[in-house]
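Written below as structure tokens is the structure these notes are about.
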Amino acid sequence: MLSEKDFIANPTASIENGNFQWSAPSNIALVKYWGKKENQIPANSSISFTLNNCKTITKLAFVKHFDTSTSSVQAKKGFSFSLLFEGKPKEEFKPKIQKFFERIAIYCPYLKAYHFTIDTENTFPHSSGIASSASGMAALSMNIMSLEKALHPEMTDAYFYQKASFLARLGSGSACRSVKGSIVVWGNHTEIDDSSDLFGVEFPSKIHKNFNNYQDTILLVDKGEKQVSSTVGHDLMHNHPFAEQRFAQAHENLSALKTVLETGNLQEFMKIVESEALTLHAMMMTSMPYFILMKPNTLEIINRIWKFRTETKIPVCFTLDAGANVHVLYPENVRDPVLQFIKDELVGYCQNGQYICDAIGKGSQLIIDN
Ligand code: PMV
């Protein structure tokens, strides 16, 4: 089993400058991660669908400005980078990147030798309430690993993706599920081979065809700033009265979902996924201080989905992340009637009528490699 020490780089080659560009998708958890230990170690295992259309595209240009092995004084100076968002300098984003570099410095000691220009953009609207931290941290980690592979040409693909996910996790926990694969597990789970607290792994079993190209239509209910950051949210699980039961329940739900993904049982799928979404919000409502992140329109949408499902028997369900937006999940073969239902009955509950059509994707993709 890999430990943290296995992720400390030991470059064998050198490189003066270059450019990489990667895209990394957002992901939506089916069994939720909520609560963590030190160093972004999750309190429970989680599993997510990787999305296809909602992604961050990040370009990393780098120039060597000194040799870390000979210039220890300069090496102590810290990281050198400029940050562009959609081609324009964005100072507000820099502290987050600085903190990320500090966290991964021990695993990527070569970072201090370079000046970086990081140019990033999202395919989804800014402040849509869709968190860009998962896709953003994953996209940056992929680029850093491309640089590390250039410094360490004998690196295997397996290690490349594991370490990319390991680094992404240090940026934002759920980002480690945005690296590779269409369904990703993060966190030790007795029944999932090779699962780890340190990085995400592709769901190892054969996935039933019912889940091929599974659809996720994201209804943008509230595009405002998050009321509670996920850092604060995770912290509230310390001393939470229901924490231990919740962590045990997540473990059981992942076992049950594993069988569901193998057998294609959509009724069970919907039960587990909706219960997970409501439990996540129940944890927020029962922490101290407490929060309600759903909006009245979130509840209207949930009730409409339940009514539609009862009347039509179409297997459509919802999940939520830590906000008011609703992810509507359904198989590809009911796409037309569900989209019609969304247009007829749900769009009115979305801010400015906005929603995003997405589906299961495959993970990060390399765009520029030189
Ligand atoms: O990755 P973070 O620290 O932003 O936490 C994400 C938490 C949820 O989105 C609510 C659940 C999850 O598993 O993605």
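The values are calculated or read from the model by the stated rules, or taken from the named source; none is laboratory data. This structure is a prediction, so every number in the text was calculated from the model and none was measured. Neighbour counts run over all protein chains shown; Cβ positions are idealised from the backbone, glycine included.
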TODO: State which residue pairs qualify: first residue touching a residue at least 12 places away in the same chain (Cβ under 8 Å) and among the charged types (D, E, K, R) and inside region 21-38, second residue within 7 Å of the ligand (Cβ to nearest atom) and part of a helix (DSSP H, G or I) in any location, beta carbons under 6 Å apart, and separation of 6 or more residues or different chains.
DONE: Lys32/Leu280; Lys36/His234
Task: Residue that is farthest from the ligand (Cβ to nearest atom), among those in region 316-330 that are without any contact (Cβ under 8 Å) to a residue 60 or more places away in the chain and outside any loop (DSSP other than H, G, I, E, B) - done: Cys317
Task: Hits in region 151-169 - residues which are over 22 Å from Asn53 (Cβ atoms), surrounded by 24 or more Cβ atoms within 10 Å (Cβ to Cβ) and among the hydrophobic types (A, V, I, L, M, F, W, C) - done: Phe166, Leu167
Open item on the list: Exactly one condition in (1) touching a Lys or Arg at 6+ places or on another chain (Cβ under 9 Å); (2) without any contact (Cβ under 8 Å) to a residue 60 or more places away in the chain is false for Asn44; which is it?
Closed with: (2)
Task: Pairs where the first residue, in region 187-204, is without any contact (Cβ under 8 Å) to a residue 40 or more places away in the chain and charged (D, E, K, R) and the second is surrounded by fewer than 18 Cβ atoms within 10 Å (Cβ to Cβ) and in a loop (DSSP other than H, G, I, E, B), C-beta under 8 Å, 6+ apart - done: Asp193/Pro204; Asp194/Pro204
Open item on the list: Could you tell me how many of the residues in region 221-263 are basic (Lys, Arg) and either surrounded by fewer than 13 Cβ atoms within 10 Å (Cβ to Cβ) or assigned to a helix (DSSP H, G or I) (or both)?
Closed with: 2
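Conditions tested, residue by residue: (1) at pLDDT 95 or above; (2) in contact with a helix residue (DSSP H, G or I) (Cβ under 6 Å, 6 or more places away or on another chain).
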site	(1), (2)
Ser3	no, no
Val31	yes, yes
Asn39	no, no
Asn52	yes, no
Thr68	no, yes
Ala75	no, yes
Gly78	no, no
Lys99	yes, no
Open item on the list: Can you find, within region 161-195, the residue that is farthest from Lys258 (Cα to Cα) among those that are part of a loop (DSSP other than H, G, I, E, B) and within 11 Å of the ligand (Cβ to nearest atom)?
Closed with: Ser172
